[in-house]
Structures are given as C-alpha cells and as structure tokens.
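Undergrad: Got a structure here, written out as structure tokens. Questions coming.
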Amino acid sequence: MAEESKILVIDDERPIRNALKDIFEYEKFIVSEAPDGIEGLELLKKSTYDLVLCDIKMPKMDGIDVLDKILEIQPDIPVIMISGHADIDTAVGAIKKGAYDFISKPLDLNRLLITVRNALERQSLVTETKVLKRKISKTFDMIGDSPALKQIKDMIDRVAPTEARVLITGENGTGKELVARHLHEKSNRANGAFVEVNCAAIPSELIESELFGHEKGAFTSAIKQRKGSFEQAQGGTLFLDEIGDMSLSAQAKVLRALQESKVMRVGGEKELQVDVRVVAATNKNLQKEIEKGNFREDLYHRLSVILIQVPSLNQRKDDIPMLADHFLKLICNDYGMALKKITPDALVELQKYDWTGNIREFRNVIERLVILSDKNITDKEVISFAKPLKS
C-alpha cells in the first residue's frame, strides 16, 4: 500500500464528510471531499485518486450513477459505497457493477479502516501487476520497421482475432516465440493462458504425458494426477514449439485432439473437452520431413491453416540500429549500469556481420559489448569483441 494514499469522499452530509476526513488524515491519508456526485466526478477528472468512498443516496446524482461514471474515468479504482440500512440491496447491486465493497450507516470505524486498507492493498497489487506486465511485454517486443518485419506484424494483426491455427517457420533464433505470443496477446483469448511446450526438449516417452496429462499410477513415476498442456491452456493458446521433433505416436494424438477438441490423460478412461487455439513452430522443412516419413501430412494440413515465415536477421539488417538500441537499454537496466551509447560506425560494423544465430546471437553480442566496452561502443570494440565476418 502506497504511503499517503489519496482518498476522495463523496457524501451530501457534511458531518459524515468531516468525520471521515478527520479519521483518514489521522491515518496519514490525503483526503479530498465533495458534497455531491457531480463535484466528485469533476475532482476525479482533475486528479488521480487511490480510492473513493461514495454515498448511495445523494441529491443531483444518485450514487450508483456516480459509480458508473467513476469506473469510466478510472476503471481500476476501488470504490466503497456508503449505504443506509434501507439501501443494502442497492449496495449489493453496486458490487455487481464493480464497487469494491459497501459500508452501512452508522459507520463502524474498525470495519471502515480494515476495508479501506484492504482495498488500497489490492489496488497496489493491481498496479504492480500492470507494471510487471508492461516489463514483460517490453521483453517480448518485436523491434524493427523493416519491410520484412512490417509484413509479419500486418499478418499477425489480420490473423490474431481469428481462431485459425498458425504454423510459424524460420531459422533458430529468429523470434518464432515472439510471433506466437503476439498472436495470443492480440487474440480474443488474450485473457487466457499462453502455454508453451518445447517438443524438442521433452523426451519422446514423456511428450504424451506433457501434452495430455496422466492419471495417478499411469506409469512408475506418476505418483499423482497431472493436467497436461492442453488442459492448462483451456480458453487460451497452446504453443507447440519445434513441433517437427515430435514423435509420430504423439503426432497422431495431437491430430485427434485437433479434430475432436478432446484429450485423454495417459492411463485415463474419460475423454476431456478442451477449448484451445494451437499455434505451432518449427525450424525444419516439414514438407521434406513428410517425404522422409517423419511427419504426418494430415497433421501438417491441420496446423498450417495460416503459414508465417519469420525472416532471418540477415534479411532485415535495416532493423539492427533499433535492435541495438533496444537491447542496450534492456541489458544496461538489467545490470544496473548507466546506459551505454553505440556509435554510427559501430552499427555499420554490426550490419556487416553474418548473423547465423539471428536475434539470439545478436543479443548475446550486444551483452558482450556492454560488459567489455567503455561508455561508448565504437567500431573498434565491435571488431575486437563481436568478430564480424565482413562480406
């Protein structure tokens, strides 16, 4: 809970306003007051508050109407309604509309302070969560404005709101996961889970348990029931990374899950309905894998309603200055050091490099330059530490 939280009291009874002001100021809160809803809303438009107490029965504007307007101005603010005994049903209705709680008259001081503190603590958590989400979204930003990247972004904007399955292809390190995350964040499932399964990192004998879950005793180490990734992603997006490395037996079960929207846990007898959007990615040429008998053609067609080919960094070298700036800020912040600058000549040297490891390699090089260079990263540092291959 923030120190000196700002509270707005809206009540037409001056004695109640005065009493609440005295109580909250004694508790080190900053208090503003308004005699009616119209004046209260004007104060909200001019300043940001951490919490509002609002009476239900007031002249000029009813408290429930005031609540609606408050949540339009500041959707996340906790609003505590003050109700007379006859207004209890109305107060309960207010909670359904978005109020945090209600306090009955005559006001119980202890309950009032507990409710206010709980509301402010929740508001603090909401704010912290938003900050964290902004930090995470910055980590997963798609940086650049090259024609190749703009084409990918346009494709994401078109495809994300649909339920179409997407197959993302591209070299290692190009950012296929970023594309998958942006498809999820811009979809109608954005409030659901984004569950990632790296099919290459899970042994073939465990992949089915990972995807579909297992019942207790299904195999030696199954000491308790476990939900699989399909169940965990219910209502959200399941990202199957490196799907070209999935075993044929698992492919058959994934195909069936996509066809019927049902899964069965390993060792289970009951089919479970699932509602997930599947996005897959691979660095392999699945057409060639089909010819070799390593990948099911019917699964390929199920997954590839939309195909997105992520360009390599060598295909979008115009983005290197923006990428360098982005990673410099990110890395210097992570290390708690002053932001280092990169000279134009250094950027030219970086653009000469053959980026076989793509964005992943580029980030590692920038981190190395941050650690080993002085305030300014020059072309000499790039030549010394990045070892570019001149074309």
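Undergrad: Please indicate, with yes or no, whether at least one residue in the stretch 265-280 is among the basic types (K, R) and in a helix (DSSP H, G or I).
TA: First, the residues of the stretch 265-280 that are among the basic types (K, R): 265, 270, 277.
Keeping just the survivors that are in a helix (DSSP H, G or I) gives none.
No, the stretch 265-280 contains no residue that is among the basic types (K, R) and in a helix (DSSP H, G or I).
Undergrad: Out of curiosity, is R158 modelled with pLDDT of 95 or more, within 19 Å of G235 (Cβ to Cβ) and surrounded by fewer than 20 Cβ atoms within 10 Å (Cβ to Cβ)?
TA: no
Per-residue answers, yes or no, for (1) in contact with a Ser or Thr (Cβ under 6 Å, 6 or more places away or on another chain); (2) aliphatic (A, V, I, L, M); (3) farther than 30 Å from Q259 by Cβ; (4) outside any helix (DSSP H, G or I):
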{"residue": "D298", "(1), (2), (3), (4)": "no, no, no, no"}
{"residue": "A338", "(1), (2), (3), (4)": "no, yes, yes, yes"}
{"residue": "L347", "(1), (2), (3), (4)": "no, yes, yes, no"}
{"residue": "E367", "(1), (2), (3), (4)": "no, no, yes, no"}
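Undergrad: If I filter the stretch 223-238 for residues that are closer than 30 Å to L323 by Cα, buried (at least 22 other Cβ atoms within 10 Å of the Cβ) and assigned by TED's automatic domain parsing to the domain that holds K153, do I get at least one hit?
TA: Narrowing the stretch 223-238 to residues closer than 30 Å to L323 by Cα: 236-238.
Restricting the remaining residues to those that are buried (at least 22 other Cβ atoms within 10 Å of the Cβ) gives 237-238.
Next, from what is left, pick out any that are assigned by TED's automatic domain parsing to the domain that holds K153: 237-238.
Looking for residues that are closer than 30 Å to L323 by Cα, buried (at least 22 other Cβ atoms within 10 Å of the Cβ) and assigned by TED's automatic domain parsing to the domain that holds K153, one finds at least one in the stretch 223-238, hence yes.
Undergrad: Are any residues in the stretch 284-318 of a type in the set (D, E) and either under 30 Å from I143 (Cα atoms) or touching a strand residue (DSSP E or B) at 6+ places or on another chain (Cβ under 8 Å) (or both), and if so, which ones?
TA: Selection gives D318 alone.
The values are calculated or read from the model by the stated rules, or taken from the named source; none is laboratory data. Note that this is a predicted model, so its numbers are computed, not measured. Positions of Cβ are backbone-derived with ideal geometry, glycine not excepted, and every protein chain shown enters the neighbour counts.
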